[in-house]
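Written below as structure tokens is the structure these notes are about.
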């Protein structure tokens, strides 16, 4: 996949992912929605895993290659979105929560594609719920949890 096509896919995919995830009313709902959105993607006819990992992983060994840089930028955008939501929760370490959410998102994509695990998004969402429940036990955000 050429760099231009990958860049265009990044823009289109991120817009779709954010728009669908942002349908939740609270940051918690938006975070959990990320996994619902992934599940709908996994169940679509066109699901072939992550184009960014697929392309960067099998075609490019050099971390400075433009394709790898585009893949890195895409993952950074996902991390930035997760951080934006985590910051809205007023948790003590939103950057840690965002990185954990990114690992859940990426793990769900990998498990669904590579392992054919139809429940990967649901499993990742269950873990995210536990993380949010733990975070909600902090007094400053307890009232924000639905």
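The values are calculated or read from the model by the stated rules, or taken from the named source; none is laboratory data. Source: prediction; values computed, not measured. Positions of Cβ are generated from backbone atoms using ideal geometry, with glycine treated the same way; all protein chains shown enter the neighbour counts.
In this structure, residue 19 qualifies as assigned to a helix (DSSP H, G or I), at pLDDT 95 or above and surrounded by fewer than 15 Cβ atoms within 10 Å (Cβ to Cβ).
Against the test of being farther than 25 Å from residue 126 by Cα, surrounded by 13 or more Cβ atoms within 10 Å (Cβ to Cβ) and more than 12 Å from the chain's Cα centre (by Cα), the options 26, 7 yield a single qualifying residue, 7. Checking each residue in the range 80-94 for being touching a residue at least 12 places away in the same chain (Cβ under 8 Å) and farther than 24 Å from residue 15 by Cβ picks out 90, 91, 92.
Inside the range 54-77, residues that are without any contact (Cβ under 8 Å) to a residue 60 or more places away in the chain, surrounded by 14 or more Cβ atoms within 10 Å (Cβ to Cβ) and within 30 Å of residue 133 (Cβ to Cβ) make up a count of 1. Applying a threshold of 9 Å to beta carbon distances and a minimum spacing of six or more residues, or different chains, the list of pairs starting in the range 103-119 at a residue that is free of Cβ contacts under 8 Å to residues at least 24 places away in the same chain and ending at one that is surrounded by 14 or more Cβ atoms within 10 Å (Cβ to Cβ) and not in a helix (DSSP H, G or I) reads 111/117; 111/119. Test residue 36 against the stated conditions and say whether it is modelled with pLDDT under 95, part of a helix (DSSP H, G or I) and touching a helix residue (DSSP H, G or I) at 6+ places or on another chain (Cβ under 9 Å). It is false that residue 36 is modelled with pLDDT under 95, part of a helix (DSSP H, G or I) and touching a helix residue (DSSP H, G or I) at 6+ places or on another chain (Cβ under 9 Å). Here residue 85 passes the criteria (1) closer than 23 Å to residue 3 by Cβ; (2) modelled with pLDDT of 95 or more; (3) buried (at least 16 other Cβ atoms within 10 Å of the Cβ) except the one numbered (1).
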